[in-house]
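First comes the structure, then the notes that go with it.
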Amino acid sequence: MAKIIAIANQKGGTGKTTTSTCLAGALQLLGKKVLLVDCDAQCNATDTYGAQTEDVCTLFDVMTRQGTVEEGIQHCEAGDILPSDNALKDIDEQLVRDMGKNFRLREALESMSEQYNYIVLDTPPQLGLALVNALIAANSIIVPITADRYALAGLSQLSQTIGDVRRYFNPTLKIEGLLLNQYKSRENLSKEVVEQLPVIAQSMGTTLLDVKIRPSMGVRKAQAERHSLFSDDTAKSTSAEDFKALAQKIVEEDKNGKL
Ligand SMILES: Nc1ncnc2c1ncn2[C@@H]1O[C@H](COP(=O)(O)OP(=O)(O)OP(=O)(O)O)[C@@H](O)[C@H]1O
Ligand SMILES: [Mg+2]
C-alpha cells in the first residue's frame, strides 16, 4: 500500500516544491515507485517535471470529477506526476456546495495505492481546499523550514491547521518531522533559529529531522533546466546528497515500522 506524504508549510518559499520533487527523485533512486501530485495552483512542481498542462486531465479535473487519476498521470523523465494547472486556484468556489469536497483527493488516490510505494503531495502555502484535501489524503507530513526570523510564524498556522484536520477528518495524520532547508551551519542567525527548533518541534508532537538540506546551485540548475536533481552534474550537489539521506531514512524507518 502506498504511503502518502504531504510536504507542507503555510509559509511561502520554504522549499515545499523543492523537497517534493527531490524527495520523489531520491525515493526513485532507491527503487521505489513514486507518484508526485502537484496540489498547488502555482504549478511549480508541474513545471519542474516539464509536464503538459494544455488539453490534459489535471488535478482540478480529478477533484471536480471531470477526469480520473489514471487519465491525469503523466510519465515524465523525472518521474510520474499528476500535474496541476491554473484552474486549481478556483477549486474552493467550484466545490463550495459539494458535501465531499474535503475528500476528493483521498478518494481519487485510493485507486493508486497498489501501484506506487510512495505518493508525494506538493502543497500550496495558503489554506484552502487543495491543502486540506492533501492533509486528509496523507498518512504523514514533512515540514520544510528555512532558518529565518519568520520561520516560526508559518509553523504556528500549520500546527493549527493540522490540529483541525486531525480533529475532524484524519486523526492518525503524523508529522514525520521539521526539515531544515537551505541550512548554512556557519550563519549566526541560522544557529539562533535552529536552537529553538527542537523545542518547537516537540510542541508540535514531532522532531527536527537529523537530515538537513544544504543549499546548492544544483537545485536551481535542475529546476531551471527541468531535469531531475539526480541526473547530469547536479547529481553530485550537496542538496542531492542530503535528499538521498532523507529518502534513505524514510525508507528505513518505514521498514522498521516506526512511521
Ligand atoms: N536546497 C536548496 N538549494 C538551493 N535553492 C533552493 C533550495 N531549496 C529551495 N531553493 C530555492 O528557493 C526557492 C523557493 O523554493 P520552493 O519553490 O521549493 O519553495 P516553496 O515552499 O515550494 O514555495 P511556495 O510556498 O511558493 O510554493 C526556489 O527558487 C528554489 O529554487
Ligand atoms: Mg511550491
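The values are calculated or read from the model by the stated rules, or taken from the named source; none is laboratory data. This structure is a prediction, so every number in the text was calculated from the model and none was measured. FYI the Cβ positions are ideal-geometry reconstructions off the backbone, even for glycines, and counts take in every protein chain you see.
Summary of computed values
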{"item": "Matching option when the condition is touching an Asp or Glu at 6+ places or on another chain (Cβ under 8 Å) and of a type in the set (D, E, K, R), among Lys16, Lys89", "result": "Lys16"}
{"item": "Ala235 vs. criteria closer than 21 Å to Leu152 by Cβ and part of a helix (DSSP H, G or I)", "result": "no"}
{"item": "Residue list for the stretch 49-85, filter: within 15 Å of ligand 2 (Cβ to nearest atom) and hydroxyl-bearing (Ser, Thr, Tyr)", "result": "Tyr49, Ser84"}
{"item": "Any chance Tyr183 is away from ligand 2 (no atom under 16 Å from the Cβ) and free of Cβ contacts under 8 Å to residues at least 12 places away in the same chain", "result": "no"}
{"item": "Candidates Thr206, Thr123, Thr146 - the one that is surrounded by 14 or more Cβ atoms within 10 Å (Cβ to Cβ), more than 26 Å from Ile73 (Cβ to Cβ) and modelled with pLDDT of 95 or more", "result": "Thr206"}
{"item": "Inter-residue pairs, beta-carbon under 6 Å, first over 13 Å from Ser140 (Cβ atoms) and in the stretch 1-30, second part of a strand (DSSP E or B) and away from ligand 2 (no atom under 16 Å from the Cβ), 6+ apart", "result": "Ala24/Val34; Ala24/Gly79; Leu27/Val34; Leu27/Tyr118; Gln28/Val34; Gln28/Gly79"}
{"item": "Considering residues of the stretch 120-134 that are of a type in the set (Gly, Ala, Ser) and closer than 16 Å to Gly12 by Cα only, the residue farthest from ligand 2 (Cβ to nearest atom)", "result": "Gly128"}
{"item": "So Leu229, is it over 18 Å from Gly177 (Cα atoms) and either at pLDDT 95 or above or within 12 Å of ligand 1 (Cβ to nearest atom) (or both)", "result": "yes"}
{"item": "Count - residues of the stretch 82-97 that are surrounded by fewer than 20 Cβ atoms within 10 Å (Cβ to Cβ) and under 13 Å from Asn133 (Cα atoms)", "result": "2"}
{"item": "Complete set of residues in the stretch 135-176 that are in contact (Cβ under 8 Å) with a residue 60 or more places away in the chain, of a type in the set (A, V, I, L, M, F, W, C) and within 14 Å of ligand 1 (Cβ to nearest atom)", "result": "Ile141, Ile142, Val143, Ile145, Ala151, Ala153, Leu155, Leu158"}
{"item": "Members of the stretch 20-48 found to be near ligand 2 (Cβ under 9 Å from one of its atoms), surrounded by fewer than 24 Cβ atoms within 10 Å (Cβ to Cβ) and assigned to a helix (DSSP H, G or I), listed by number", "result": "Asn44"}
{"item": "Subset of the stretch 1-19 [surrounded by 24 or more Cβ atoms within 10 Å (Cβ to Cβ) and of a type in the set (Gly, Ala, Ser)]", "result": "Ala6, Ala8"}
{"item": "Subset of the stretch 49-73 [surrounded by fewer than 19 Cβ atoms within 10 Å (Cβ to Cβ), polar (S, T, N, Q) and touching a residue at least 12 places away in the same chain (Cβ under 8 Å)]", "result": "Gln52, Thr53, Thr64, Thr68"}
{"item": "Among the candidates Gly177, Gly218, Gly257, Gly154, residue that is within 16 Å of ligand 2 (Cβ to nearest atom) and within 25 Å of Ala26 (Cβ to Cβ)", "result": "Gly154"}
{"item": "Matching strands (runs of 3 or more DSSP E) fully within the stretch 97-203 where at least 1 residues are of a type in the set (Phe, Trp, Tyr)", "result": "118-122"}
{"item": "Which numbered condition Val211 fails, given (1) within 16 Å of ligand 1 (Cβ to nearest atom); (2) within 16 Å of Ala6 (Cα to Cα); (3) assigned to a loop (DSSP other than H, G, I, E, B)", "result": "(2)"}
